[in-house]
Each structure stands twice: as structure tokens, then as C-alpha cells.
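Contents: one structure, followed by commentary.
The values are calculated or read from the model by the stated rules, or taken from the named source; none is laboratory data. Just so we're clear, the structure is a prediction, and the values are computed from it rather than from any experiment. Cβ sites come from the backbone with ideal geometry, for glycine too, and all protein chains shown count toward neighbours.
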Amino acid sequence: MNVKPSLFVAVIASICCGMVCAAEPSNSDSSSIHRITLPRYQSNLPDAPGREAFAGACLSCHSSTYITMQPPMNTAKWEEVVRKMVKVYAAPIAEDQVSPVAKYISAAIEAGPGGLSESLVPAPPQKQRDVKVAADESARAADAKRGEALFATNCASCHGARGAGDGLAAKTQLPPPTDLTSHAYSVGRLTAAITRGVPATAMPGYPDLSDNDLRAIVTFTHGLASADAREAKPSPTPDSVKQLYAQNCQLCHGPAGGGDGFIAPTAPRPPASFREVRPSRERALKVIAEGVPATSMQPWKSKLTEEQRGQLADYARSLFVEAQ
């Protein structure tokens, strides 16, 4: 096959970024360039002790299918492999996680075809809906009341009656349903999640909601955030903290926290956009320390000090833009 190197590199780059573009015409009319979002693979993990430790420590680098392709090994051998990942490749795995991870891998592989596997997740719909929360207090209250009924019917089974991520179906899901009380969301982010769903999670999209129903459920969900999530104390961020963010977070979350880092398009679940989502400080600290199972968010408690994790939590929270 005779392919120009520059063309080959361009094609590979577009695929690696999770996006394919039509060739740009000679007159550089950007309006004729079409972008598509490619489907993603989602890991299916059997229920066994160590499941969350494995998801948080391993899936950010390894696919579950790749792990099943390794030679047969017992738990002790898998412990050696896990420790090698820590020592040689600086995997963010604490010593107390090594044994649970190794035991889970052994149990999952022994489960056979029903064990570790992956499924293809279709690309979400591309249409963006625009929602304006009512400025009038009485109209907003009416929307919130209607939204509460819609939430109870369509969302509470996963997110829980009050949105705390503790619904009846929550225990079966990795990553777990979002605790909507521990995050403040922009209206645009909520609208996108509700209409498009969230890739690599159990959150489906509801593109056919009427404008009135969509506005109602967005209004109700927007009001679930706790005071801790809503409140932030803006203060000047030292350059040392910005550098810490650039070294450890920017690759996924982007230079301005927009969830648009260099490797973000390859992540099964898109990295959080701190400009659209502000976690409570407690939630931010927990996520930085422990990671988020079955996503590319690794646990950092073995790599960053408690002080550094606190600095990053405060900085990430400061990037939220309420008006979005």
C-alpha cells in the first residue's frame, strides 16, 4: 500500500482522538467538515471481592480483555505482577490494594467466559439541547415540582430518591451512579447528560424528552447540590499548585479544567470538566485519593501528599463557571 506518511499520520491521529473528520476542501470551508463521535468499549466486571480496587487501579491502563490474554497464573504470581506495575511503571496502587487486586484478577479469570470482558457502547446522540432555567421564582418552583416526579420515575432507581447515588440498582454498577448532592452542575452539563447519557456508564440518554419535561428535570436536579458543593471560597492560586495540576491532571482534564486534555478522547468515560462540575471539597478529596472505579481516574493517595491533594481539590473547585 503506497500511502503518504503525512496522510497516514493524520488518519491515525484522528482515530486516536476518538474523532473522524471529512477531508477539508481546498477552499478551507470549515463548515463542510463533519465530526463524529466513535463508539467506546466498556469493561464488564464480575462481582467478587476486590472488584473496585481492581477497577480503580488497573482499567486506566489495561483493558479487561488484555488481562485475560495473559498466561495462566495463580494469585501469588499475580501479586508479583501487580508489584512490578508499581515498582517499574509507578502504578498508583497502595500496598494494601495489591492482594485484593491479585485475588480479584484470579477469581475473574477463573470465572471463564462470564468473567472479564468488554462490550461496545454506541456513540451518544450528537444533538445539543438548550435549556433555560426559569428566572421567575414561582415558575422555577413549579418546574422543580414536576421535575421531582419525573426524577422519581426515571432516575431514582439508580441515583436514589434524593439523588445521593444510593438507588436500589446502584450496587450493581461500576462506575457507581453519581451522587448528585455532592456536585454542583452547570445547566448545560446536566442537559447534555440527560439527553445524551454518559459514555461507559449505565446512564442512558433521553433525547426524546419534551422541552417542558427536560427543563423540569434539569431544574430539579440542579437544585439537589448540597451547600458544600455550591459554595467555594475563591482565592489566588499559587503557581506551584498550577504546576502540580499541570503535571498530574492536565493530560486528562485539560489546561483550564474543561475535560479536554490530550488523552481525554480515548478515555471510556470522559474526564470531568471542572468548568461545568464542582464537587464538594469532601468529594474532591475522596476522588483524588481513591480514584473512580472503572474510569481513567486513578487513585493518587500513594503519589501525592495529603497537602498536595487538598491543594488540587481547591484548585479544581475554583475552576467552576456557574453561568455555563
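Can you find a residue that is surrounded by fewer than 16 Cβ atoms within 10 Å (Cβ to Cβ) and either of a type in the set (D, E) or touching a helix residue (DSSP H, G or I) at 6+ places or on another chain (Cβ under 6 Å) (or both) anywhere in region 169-189?
There is at least one residue in region 169-189 that is surrounded by fewer than 16 Cβ atoms within 10 Å (Cβ to Cβ) and either of a type in the set (D, E) or touching a helix residue (DSSP H, G or I) at 6+ places or on another chain (Cβ under 6 Å) (or both).
Return yes when A216 is within 15 Å of the chain's Cα centre (by Cα), touching a residue at least 40 places away in the same chain (Cβ under 8 Å) and assigned by TED's automatic domain parsing to the domain that holds S182 and no when it is not.
In short, no.
Out of the residues in region 125-149 meeting the condition of being of a type in the set (A, V, I, L, M, F, W, C) and surrounded by 18 or more Cβ atoms within 10 Å (Cβ to Cβ), tell me which one is nearest to R189 (Cα to Cα).
This residue is V131.
Assess whether A193 counts as being in the same structural domain as A161 (by TED's automatic domain parsing), surrounded by fewer than 19 Cβ atoms within 10 Å (Cβ to Cβ), closer than 24 Å to A170 by Cα and not aromatic (F, W, Y).
Answer is no for this residue.
For region 291-313, what are the residues that are in a helix (DSSP H, G or I) and of a type in the set (A, V, I, L, M)?
First pass over region 291-313, keeping only residues in a helix (DSSP H, G or I): 306-313.
Scanning region 291-313 gives L312, A313.
Among the listed residues T221, T178, identify the single one that is modelled with pLDDT of 95 or more, of a type outside the set (D, E) and not assigned by TED's automatic domain parsing to the domain that holds R278.
After applying the criteria, what remains is T221.
Scan region 141-153 and report the pairs whose first residue is under 12 Å from L214 (Cα atoms) and whose second residue is of a type in the set (D, E, K, R) and in a helix (DSSP H, G or I), with Cβ atoms within less than 7 Å and a gap of 6+ or a chain change.
Correct list of pairs: D143/R215; L150/D213.
Could you tell me how many of the residues in region 304-324 are modelled with pLDDT of 90 or more and either under 15 Å from C252 (Cβ atoms) or not polar (S, T, N, Q) (or both)?
Initially, region 304-324 is screened for residues modelled with pLDDT of 90 or more, giving 304-320.
Now narrow it down to the ones that are either under 15 Å from C252 (Cβ atoms) or not polar (S, T, N, Q) (or both): 304, 306-307, 309-310, 312-317, 319-320.
Count: 13.
Which pairs have Cβ atoms under 7 Å, sit 6 or more apart or on different chains, and link a residue in region 233-253 that is in contact (Cβ under 8 Å) with a residue 60 or more places away in the chain to one that is of a type in the set (S, T, N, Q)?
Here the result reads P234/S318; T237/S318; V241/Q311; L244/Q308; L244/Q311, each pair linking region 233-253 to a residue that is of a type in the set (S, T, N, Q).
Residue under question is L285, and the condition is that it be of a type outside the set (G, A, S), touching a helix residue (DSSP H, G or I) at 6+ places or on another chain (Cβ under 6 Å) and assigned to a helix (DSSP H, G or I); does it hold?
yes
Name the single residue that is surrounded by the most Cβ atoms within 10 Å (Cβ to Cβ) among those in region 305-324 being farther than 13 Å from V241 by Cβ and of a type outside the set (D, E).
F320
Just name the residue that is surrounded by the fewest Cβ atoms within 10 Å (Cβ to Cβ) out of those in region 269-304 that are within 15 Å of the chain's Cα centre (by Cα) and polar (S, T, N, Q).
My answer is S296.
Matching residues to (1) assigned to a helix (DSSP H, G or I); (2) within 30 Å of A91 (Cα to Cα):
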residue	(1), (2)
P176	no, yes
A184	no, no
R189	yes, no
D208	no, no
A232	no, no
K242	yes, yes
Y245	yes, yes
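Within region 222-240, how many residues are surrounded by fewer than 16 Cβ atoms within 10 Å (Cβ to Cβ) and not charged (D, E, K, R)?
So the answer is 7.
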